[in-house]
Amino acid sequence: MNNLLLILVPFLGLFVKVDAFCSGANSDGSDLCCDGAVLNCTAEGYQIDSTSYGICYCDSHCISTKDCCVDYDRTCKQPQDCVVNDWSHWSGCNAQCGIGHAVRLRYVEIEAEEGGKPCPETIQKRACMSLYCDDEPKKKKKLNAAHILPYHYRKGRINPKWNAITNLIGIDEPKYSSYCVTFTIQKVNKGCRNQVSTKWTDVITKGTELCVQCEEPAMKDDGLCRGDGVQGERTRWTAIDSPGCRGRWIRKNIEQPCTCNTGSDFIFV
């Protein structure tokens with residue numbers, strides 16, 4: 001039997017082969033497609049996965065009852081609205097001292113199809129004030145706190161379709177190679193233990209070693225990430241999606257090329 005299922009209908013006293021089912025099933029020759037559960041939204045033809053010819057349905061409810069006509073998918077495909085995930089928490093301030101801006105992102109999970117609602121904005125900015133100021137240039141690197149997030153937030157950076165920052169500034173290929181920094185936690189603020197929605201902060205305890213990966217778009221113009229530390233010296237870190245969660249750590253080593261793979265990994269933001 002051919003893949004295209006046909007029926008015979010009288011035309012000028014003869015029988016000719018024409019498309020059946022949802023396509024052209026209305027009396028005026030237009031497609032028969034109904035939204036919801038409509039009992040009389042039927043045509044004559046084969047149901048999906050059936051070899052018996054008879055009544056089949058062209059309403060959207062037939063998807064769950066599995067009695068759609070075989071051409072339902074291609075004839076009555078429903079519009080798909082764009083779906084985005086929730087906003088991320090606001091990033092840290094991009095200024096080391098003074099007025100700057102913070103960024104938050106959300107990513108497209110399902111693109112709009114068949115005339116569905118288009119995607120909304122996926123990046124927002126707001127003004128912020130950074131107070132990490134110091135008159136002694138030699139101490140600026142020590143006082144430059146690292147802003148970190150759990151490693152799973154990295155998915156928005158490695159998938160160009162979702163990467164709002166990459167699309168915004170038009171960068172196709174990374175300018176610098178990523179690198180990994182291993183830190184040993186020296187101090188954890190009590191604010192890390194009062195988080196309800198972000199339990200990942202529980203893995204940050206004194207003496208723990210953490211791997212933090214630096215890659216675009218977190219890199220500055222010199223290819224380094226803010227707060228990547230000074231070898232053997234204590235510097236600061238802060239969890240940007242957990243207000244009050246911050247502390248100090250010591251940089252143990254730095255590797256390039258690399259991928260953090262310790263099980264409790266983070267990224268610079």
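The values are calculated or read from the model by the stated rules, or taken from the named source; none is laboratory data. A quick note: this is a predicted structure, and the numbers were derived from the prediction, not measured. When we count neighbours, we look across all protein chains shown, and the Cβ atoms used for this are built from the backbone with ideal geometry, even at glycine. Just so you know, the surface numbers come from the protein's heavy atoms only, side chains and all, with ligands and any DNA or RNA stripped out. Shrake-Rupley method; radii C 1.70, N 1.55, O 1.52, S 1.80 Å.
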More than 25 Å from the chain's Cα centre (by Cα), modelled with pLDDT of 90 or more and either surrounded by 11 or more Cβ atoms within 10 Å (Cβ to Cβ) or closer than 22 Å to residue 149 by Cβ (or both): is that true of residue 76 in this structure? no
In region 50-73, which residues are within 14 Å of residue 40 (Cβ to Cβ) and exposed (fewer than 13 other Cβ atoms within 10 Å of the Cβ)? 55
Anything in region 91-130 that is within 20 Å of residue 246 (Cα to Cα), open to solvent by less than 50 Å² (accessible area, probe 1.4 Å) and within 21 Å of the chain's Cα centre (by Cα)? List them, or say none. 91, 92, 102, 103
Failed condition for residue 222, given (1) without any contact (Cβ under 8 Å) to a residue 12 or more places away in the chain; (2) open to solvent by less than 70 Å² (accessible area, probe 1.4 Å), with all others met? (2)
What pairs come up if the first residue lies in region 47-66 and is over 19 Å from residue 34 (Cα atoms), the second is open to solvent by less than 80 Å² (accessible area, probe 1.4 Å) and not basic (Lys, Arg), and their beta carbons are under 7 Å apart, counting only those six or more places apart or on different chains? 53/45; 53/46
